[in-house]
Amino acid sequence: MNDWLTIRRGEAPLLVSFPHTGTEIPAPFDSELVGPWLARKDADWWIDQLYDFAAELDATIVHTAISRTVIDVNRDPSGVSLYPGQATTELCPTTTFDGEPLYKSALPDAAAIAQRRKTFFDPYHAALADEIARLRKSHDKIVLYDCHSIRSVIPRLFEGTLPEMNIGTNSGASCDPALAEAIAGHAQASGFSHIVNGRFKGGFITRNFGKPSEGVHAVQMELACRAYMHEPLGPVSEAAWPSPYDERKAAPMRATLTEILRTCTHFAKS
């Protein structure tokens, strides 16, 4: 097992994925980048901490410690955009979400990208596939729940302020509509603003593995950072971002997410 790839095996019909919480940038990649803060700026800050209750639900958890700046394991490896016509970042990002250059000069070439894919992308997806196959031996259906967060205001990516809870099911193709409705119901009851299949409909993980006809129901949850951490709206600086994890601030969202994951498990068992 790679030391950057962590797998916690559970027996519940629930697989939780953390593709963007990693902040590790192995050598020699770090020397090519403009700076460490910029390279980690767009991480899904504290999301693994926010969801650490998932182990108590006996969920299987797959987590990469590698920064998305090295390679984004939630992008289509073929290079096809998940959101045609809208700004996004690549398999190996060359800019931040705000459009700031990540590299000092030369960008990763095709050979470098292929090597990163072999080293980090392929093992992560193999782990997801293996855990799906293992769980499907015991359960007629399972839920793959992909955990994400993003700053609330990023004009380059979307207009205005993002809803606090963004539920993505690839426009209904990656899971049973009843599961999406149940999750949205918890979001509605929580008082947090939410949307289903808005700006974020689910990344490559949701779209690739979500096959309801084969018993695999995939959902992406993209949280706006302000929903669980102290977030300055608008541009952020190294002195103020990320803000520390605050359990009291995170508690209401954590409670809502706990109910959502319980509902995912209940759906899979029903």
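Here are a few things to note about the model shown:
- The stretch 163-270 holds no strands (runs of 3 or more DSSP E) entirely within its bounds that carry 1 or more residues that are modelled with pLDDT under 95 and closer than 18 Å to Leu144 by Cα.
- Residue within the stretch 1-17 that is surrounded by 20 or more Cβ atoms within 10 Å (Cβ to Cβ), assigned to a loop (DSSP other than H, G, I, E, B) and of a type in the set (A, V, I, L, M, F, W, C) present: yes
- Qualifying residue in the stretch 135-156 (condition: touching a Cys at 6+ places or on another chain (Cβ under 9 Å), part of a loop (DSSP other than H, G, I, E, B) and under 22 Å from Gly22 (Cα atoms)): yes
- Among residues that are surrounded by 17 or more Cβ atoms within 10 Å (Cβ to Cβ), among the aliphatic types (A, V, I, L, M) and touching a Phe, Trp or Tyr at 6+ places or on another chain (Cβ under 8 Å), Ile167 is not included.
- Test: residue in the stretch 77-84 that is surrounded by fewer than 18 Cβ atoms within 10 Å (Cβ to Cβ) and among the β-branched types (Val, Ile, Thr): yes
- Screening the candidates Glu90, Glu56, Glu100 for the property of being surrounded by fewer than 20 Cβ atoms within 10 Å (Cβ to Cβ) and in contact with a Gly (Cβ under 9 Å, 6 or more places away or on another chain) yields one hit, Glu90.
- Filter result for Gly168 (touching a residue at least 40 places away in the same chain (Cβ under 8 Å) and within 19 Å of the chain's Cα centre (by Cα)): yes
- Within the stretch 229-257, residues that are over 23 Å from Gly191 (Cα atoms) have Cβ atoms under 8 Å from residues that are assigned to a loop (DSSP other than H, G, I, E, B) and among the aromatic types (Phe, Trp, Tyr) in these pairs: Pro242/Trp45; Pro242/Trp46, counting only partners at least 6 apart in sequence or on another chain.
- Condition check for Ala133: buried (at least 17 other Cβ atoms within 10 Å of the Cβ), closer than 30 Å to Ser270 by Cα and of a type in the set (Gly, Ala, Ser): no
- The residues listed here are Thr69, Thr119; of these, the one that is closer than 22 Å to Arg199 by Cβ and not aliphatic (A, V, I, L, M) is Thr69.
- Pairing residues of the stretch 126-153 that are in contact (Cβ under 8 Å) with a residue 40 or more places away in the chain with residues that are aromatic (Phe, Trp, Tyr), at Cβ distances under 7 Å and at least 6 apart in sequence or on separate chains, gives Leu128/Phe209; Ile132/Phe209; Val143/Phe267; Leu144/Phe209; Cys147/Phe18; Cys147/Tyr51; Ser149/Trp45.
- Of all residues assigned to the stretch 196-214, at least one qualifies as being in contact with a Lys or Arg (Cβ under 9 Å, 6 or more places away or on another chain) and among the acidic types (Asp, Glu).
- In the stretch 38-51 there is no residue that is surrounded by fewer than 17 Cβ atoms within 10 Å (Cβ to Cβ) and either farther than 22 Å from Ala250 by Cβ or basic (Lys, Arg) (or both).
The values are calculated or read from the model by the stated rules, or taken from the named source; none is laboratory data. Note that the structure is a prediction, hence the values are computed from the model and not measured. Don't worry about glycine lacking a Cβ; one is built from the backbone with ideal geometry, like all the others, and counts go over all protein chains shown.
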